[in-house]
1. I'm trying to understand the selection: among the residues of the stretch 753-765, which are in a loop (DSSP other than H, G, I, E, B) and either within 13 Å of Glu681 (Cβ to Cβ) or at pLDDT 90 or above (or both)?
2. Which residue pairs have Cβ atoms closer than 6 Å, lie 6 or more positions apart in sequence or on different chains, and pair a first residue in the stretch 240-254 that is within 19 Å of Asn324 (Cα to Cα) with a second residue that is of a type in the set (A, V, I, L, M) and surrounded by 14 or more Cβ atoms within 10 Å (Cβ to Cβ)?
3. Every residue in the stretch 245-271 that is at pLDDT below 95 and closer than 23 Å to Val361 by Cα, please.
4. Go through the residues of the stretch 426-433 one by one and say whether even a single one is at negative phi, small (Gly, Ala, Ser) and either in contact (Cβ under 8 Å) with a residue 24 or more places away in the chain or not assigned by TED's automatic domain parsing to the domain that holds Gly527 (or both).
5. Could you tell me whether any residue of the stretch 164-175 is closer than 20 Å to Asn188 by Cα and in contact with a Pro (Cβ under 6 Å, 6 or more places away or on another chain)?
6. Please determine, by comparing only the residues of the stretch 140-170 that are within 25 Å of Asn574 (Cα to Cα) and of a type in the set (Gly, Ala, Ser), which one is surrounded by the most Cβ atoms within 10 Å (Cβ to Cβ).
7. Condition (residue is more than 24 Å from Phe404 (Cβ to Cβ), of a type in the set (A, V, I, L, M) and touching a residue at least 12 places away in the same chain (Cβ under 8 Å)) applied to the stretch 453-469: is it met by at least one residue?
8. Could you list, in sequence order, the residues of the stretch 660-685 that are in a loop (DSSP other than H, G, I, E, B), β-branched (Val, Ile, Thr) and closer than 27 Å to Thr646 by Cβ?
Amino acid sequence: MKRTFLFILICLFVNTSYSQTYNFTFSTADFSIVENNGKHMIDYPASFNAICNTCDPILPSCVKNILLPPNKKVNNFTLTYTTSNWQSDIILEAMPVECPTDGGDCPNIPCTYDLKVYPDSIVRYGGLSTIDRYQYVSFVITPFVYDAITGSLSFVPQVNISIELADNNVTNAIFPTRDRVIKRIVHNPNDVDLFYPQHSQRTSTQNIDYLIITADSLKNSFEPLCIWKTQKGVYTKIVTTEEIDVTYSGSTQYLRIKQCVQDYYDNYGLKWLLLGGDNTIIPTVNAHSEVLAYDPVDSIYYTVSESIPADMFYGCFNGAYDWNANGNDTIGELADNVILDQEVNISRLPIRTRSQVKAYVDKLLHYEQAPTMITPSMLLCAQKLWNYDTITNYSDAHLKSDNFIEKCISPYFTGDIIRFYDTYTDFSNGAAYQLNTANLTTQLSNNYHFLHFATHGGYTSWGIEGGMSYTSNNVSALMNSHPMVIVTMACNTNAFDKAEPCLSEAFIRKPVGGSIAYLGSSRYGWGTSSSLSGLGASFQMNQKFFTYLFGNTSLHFSEIIDLLKSSYSPYSLNKYNSTRWLVLSNNAIGDAELPIYTTIPNEFENVSFERNGSNLVVNTGGVEGCTITISDVADGGNYYVTNTNTVSATFTDVPSSCTIVITKENYIPYIAETSCLITTEIIEDKRIVVGCEETRIGGIRMIDTEFETCALGKGIQFPIDSSLIQPIRLGEVKITDIGSLEVINGGTVTIEHLSMEDGAELKIH
């Protein structure tokens, strides 16, 4: 059967200049029918979602994105599709009422749907979106037709969408410099290079990639992060709220901050945004949302409504700018024409003090520059949400977590997967090994790289066995040296505006270990109790996160969150539901540009340099697709040149003192520096120096006699008579037993004052 429909989106007399048909195919081999208590469910792959209206039959759907040219808009589209009979005598399970994961009851209310044909439309328009300046249009496709009258279930093997575009007359001179995200989410990735030209080399005057917004009192503490990101090719700038308040207009501080963000997006190509502080430093913007719930006492349906901190507000420039179009001061209502189109990748570091900033930045620098990953590992914890299976006596969290592993962890993750459930564990004592505070502290101290926790939650706690809680106070006892990426579907654990510290803050602020990134809801999470193996809204969103993470290792933390929200936003277009609620409330915590190591990282082994006066050629040793950056920002200079997607690069007019950084996805950064003089320094780590035609090790260096200090490596100042510099003398270089110095030089190397401990390394070539 073939059907044709015409959807008119915009009725204008325009000059259409572009039209294209896109074909989407599906296979029944990717789906199966599962019977559950006389009802049937369609088991679906991780690329699909089970997001339906309450009490409608559950029909899996997927989002398909089509890249558009930057100067075009959708005028209309036509749809054709074919159907074939697949199943008979099917009684599909209805979408149950969702419940918050706050520890309350979740009644399994029998749900009935009208006897008619579902869905109302095979394809629904999901809106126009922008990611990193790439413009694309979304469609929600449900490749099934269910006749509830006859019980027949048909399959849609192919859907054809013809899009007619019109001139938009809106262009932007700044084109994207990164295409790794968009090529993974659109149906037509080959059009990316055609529509959006890329720049392989650029300087700081062309782009500001990363903006850190914080208070003036914290600015200096963020400087090491700013320097490192710039050194590796992500040009970064810090702007304070005090500067924003006097530079930008807006009736509230959050609107002035948003004006600043859009300014950097429009004029400098901003891609990453870090909100450097909790709600006392950077204000939250609370958006209204609603979810239909059920009261088992009064046997009535009712609406749960909440004002939700939504950091994505700062990166959404389309629709009502202030999310208050109707002027009633209730922000983010459907009537406010809110378009959940996040154009900047955003995260928040919920800290308050300089010491908290330093602790996280130090942890981040170690994570990025010196990762420790012998075998990647993931711990999955689960504590009963609402009930137990009557046959196996497994908890619903146990069964849902196993389903979660099967769909989105095992197919992509090559490391160790360890289960720690209330009704089952992979440890020697099995289920008898209790999910309690002591045992959880022990396990979280074992340097897992990833943690997913399925449980109830509060502002400062996860629910664990025996009706107890694992709290923010317990985090200080953790002994993990490698910080985790934590994802949870529990309620409220990321409520950085409600508790001090909330659970996410306790993990992220821990100086050593704890977490490097946290994804959780700032208000309720949502799930269902009717189908023990089915995944509720929060589980599905977490599933999508790990699918993006493990299936696309080149994606960075806030990029994944942005993609996650973009994939769910079409389901909440013009309607309230749990999906819209979670898109708003799941705020990214940690560094926005964080590259997450999912496998054992590679190392650059054969990097070479060729120096000719002030010119420098850098070769990665045959490793393709690298970013090579040279800058002197650490010394307060203005030299900054970065080359992307290359195997070698030539730099001109290179300063005598600067930093060279080579990066690539899942590679440990290669860090070197140019220097003609290496002096008065204790080397306790790996240091690579690209020397001059005449390089000196241990040469005399002048000191500031007024303050009686001398420099000992990386700009750290110590008193002359301090024990820290003994027995080192002025001008001497000392390499410790764990240190190494490699000098790459085209001329002579003179050693004057050098001492080396047993185990130290000196390489000159």
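The values are calculated or read from the model by the stated rules, or taken from the named source; none is laboratory data. These figures come from a predicted structure and were not determined experimentally. Cβ sites come from the backbone with ideal geometry, for glycine too, and all protein chains shown count toward neighbours.
1. If the condition is that a residue be in a loop (DSSP other than H, G, I, E, B) and either within 13 Å of Glu681 (Cβ to Cβ) or at pLDDT 90 or above (or both), then His753, Glu757, Asp758, Gly759, Ala760 are the ones that fit.
2. Tyr254/Val285
3. Passing the criteria: Leu270, Lys271.
4. No, because not a single residue in the stretch 426-433 is at negative phi, small (Gly, Ala, Ser) and either in contact (Cβ under 8 Å) with a residue 24 or more places away in the chain or not assigned by TED's automatic domain parsing to the domain that holds Gly527 (or both).
5. yes
6. Checked the stretch 140-170; the qualifying residue surrounded by the most Cβ atoms within 10 Å (Cβ to Cβ) is Ala166.
7. Within the stretch 453-469 (the criterion being more than 24 Å from Phe404 (Cβ to Cβ), of a type in the set (A, V, I, L, M) and touching a residue at least 12 places away in the same chain (Cβ under 8 Å)), the answer is no, since none of the residues qualifies.
8. Correct list: Ile668 only.
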